[in-house]
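Chemist: Before we start, here is the structure in question, set down as structure tokens.
The values are calculated or read from the model by the stated rules, or taken from the named source; none is laboratory data. From a predicted model like this one, the values you see are computed outputs, not experimental measurements. Quick reminder, even Gly has a Cβ in these numbers, built from the backbone with ideal geometry, and neighbours come from all protein chains shown. Quick note on the areas: whole protein, heavy atoms, side chains included, nothing else; ligands and nucleic acids left out. Shrake-Rupley method; radii C 1.70, N 1.55, O 1.52, S 1.80 Å.
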Amino acid sequence: MFRPKISIIVNNFNYGSFVEAAVDSALGQTYGNVEVIVVDDGSTDGSRDVLKKYETRARIVLKENEGQASAFNAGCRIATGQLIAFLDSDDALFPEAIETVVNAWKPEIVKMQFPLQILGPDGSTGFIMPRARL
């Protein structure tokens, strides 16, 4: 059975009110072989203070603002997983998301997409992306 290490890369820029829920969802996966990398792309809103509490459970990368692609690339450079999952800091993974991907993975697959729950300032908005059936 294929049981790879998964790197979840969370990118953040000025989403201090959302990033905690996103990181918690990445750390709370039912699949056990996961590393969480959070790349803060030059936030000025207090996000970095929020991320300090994760320094022992996730790899935190603080960089100057250069855009989302730059943040994902910074995470990819230090990722050690065989598969990489990208997560925006205003989204949250369902607890079984990574386990579901690993169980469905086949060598010929190059990309998998699964639903994300959109968060609001007070938690879930109940909105799931994408709206189309996957």
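Chemist: Test each condition in (1) at pLDDT below 85; (2) closer than 16 Å to residue 27 by Cα for residue 132 and report the one that comes out false.
Modeler: Answer for residue 132: the failing condition is (2).
Chemist: Determine, yes or no, whether residue 19 is in contact (Cβ under 8 Å) with a residue 60 or more places away in the chain and either open to solvent by less than 40 Å² (accessible area, probe 1.4 Å) or basic (Lys, Arg) (or both).
Modeler: Spelling it out, residue 19 is indeed in contact (Cβ under 8 Å) with a residue 60 or more places away in the chain and either open to solvent by less than 40 Å² (accessible area, probe 1.4 Å) or basic (Lys, Arg) (or both).
Chemist: Which of the numbered conditions does residue 84 fail, given that it passes all the others? Conditions: (1) in a helix (DSSP H, G or I); (2) over 19 Å from residue 21 (Cα atoms); (3) open to solvent by 30 Å² or more (accessible area, probe 1.4 Å); (4) among the aliphatic types (A, V, I, L, M).
Modeler: (1)
Chemist: Quick check on residue 33: is it modelled with pLDDT of 95 or more, within 30 Å of residue 105 (Cα to Cα) and touching a Ser or Thr at 6+ places or on another chain (Cβ under 8 Å)?
Modeler: The answer is no for residue 33.
Chemist: Right, something else. Of everything in the stretch 102-116, what is open to solvent by 30 Å² or more (accessible area, probe 1.4 Å) and touching a residue at least 40 places away in the same chain (Cβ under 8 Å)? Give them in sequence order.
Modeler: Just the residues of the stretch 102-116 that are open to solvent by 30 Å² or more (accessible area, probe 1.4 Å), to begin with: 103-116.
Residue satisfying the conditions is 105 alone.
Chemist: Only one residue in 99, 66 is part of a loop (DSSP other than H, G, I, E, B), of a type in the set (D, E, K, R) and open to solvent by 30 Å² or more (accessible area, probe 1.4 Å), so which one is that? Please lay out each step first, then the result.
Modeler: Numbers: 99 fails: part of a loop (DSSP other than H, G, I, E, B).
Result: 66 is the single residue among 99, 66 that is part of a loop (DSSP other than H, G, I, E, B), of a type in the set (D, E, K, R) and open to solvent by 30 Å² or more (accessible area, probe 1.4 Å).
Chemist: Can you pull out every residue in the stretch 40-63 that is part of a loop (DSSP other than H, G, I, E, B), surrounded by fewer than 20 Cβ atoms within 10 Å (Cβ to Cβ) and of a type in the set (Ser, Thr, Tyr)?
Modeler: 44, 56
Chemist: Suppose we keep only residues that are closer than 20 Å to residue 104 by Cβ and open to solvent by 70 Å² or more (accessible area, probe 1.4 Å) within the stretch 1-16. Which one would you say is modelled with the highest pLDDT?
Modeler: It comes out as 3.
Chemist: On to the next question. I want to confirm something. Restricting to the stretch 15-39 and keeping residues that are of a type in the set (A, V, I, L, M) and assigned to a strand (DSSP E or B), which single residue is nearest to residue 82 (Cα to Cα)?
Modeler: Applying the first criterion (of a type in the set (A, V, I, L, M)) to the stretch 15-39 yields 19, 21-23, 26-27, 34, 36-39.
Applying the additional criterion that residues be assigned to a strand (DSSP E or B) yields 34, 36-39.
On the way: 34: 10, 36: 13, 37: 14, 38: 17, 39: 19 Å.
In this case the residue turns out to be 34.
Chemist: As an exercise: evaluate residue 77 against (1) in contact with a Gly (Cβ under 9 Å, 6 or more places away or on another chain); (2) open to solvent by 70 Å² or more (accessible area, probe 1.4 Å) and give the number of the one condition it does not meet.
Modeler: (1)
Chemist: Considering the stretch 70-81 alone, what residues qualify as being under 14 Å from the mean Cα position of the chain (by Cα) and in a helix (DSSP H, G or I)?
Modeler: Within the stretch 70-81, 71, 72, 73, 74, 75, 76 meet the criteria.
Chemist: Considering only the stretch 93-111, how many residues are within 15 Å of residue 25 (Cα to Cα) and of a type in the set (D, E, K, R)?
Modeler: Residues in the stretch 93-111 being within 15 Å of residue 25 (Cα to Cα) and of a type in the set (D, E, K, R): 2 in total.
Chemist: Answer yes if at least one residue in the stretch 125-132 is of a type in the set (A, V, I, L, M) and surrounded by 14 or more Cβ atoms within 10 Å (Cβ to Cβ), and no otherwise. Give the derivation first.
Modeler: Here is the first cut: in the stretch 125-132, the residues of a type in the set (A, V, I, L, M) are 128-129, 132.
Imposing the further condition that a residue be surrounded by 14 or more Cβ atoms within 10 Å (Cβ to Cβ) reduces the set to none.
Within the stretch 125-132, none of the residues are of a type in the set (A, V, I, L, M) and surrounded by 14 or more Cβ atoms within 10 Å (Cβ to Cβ).
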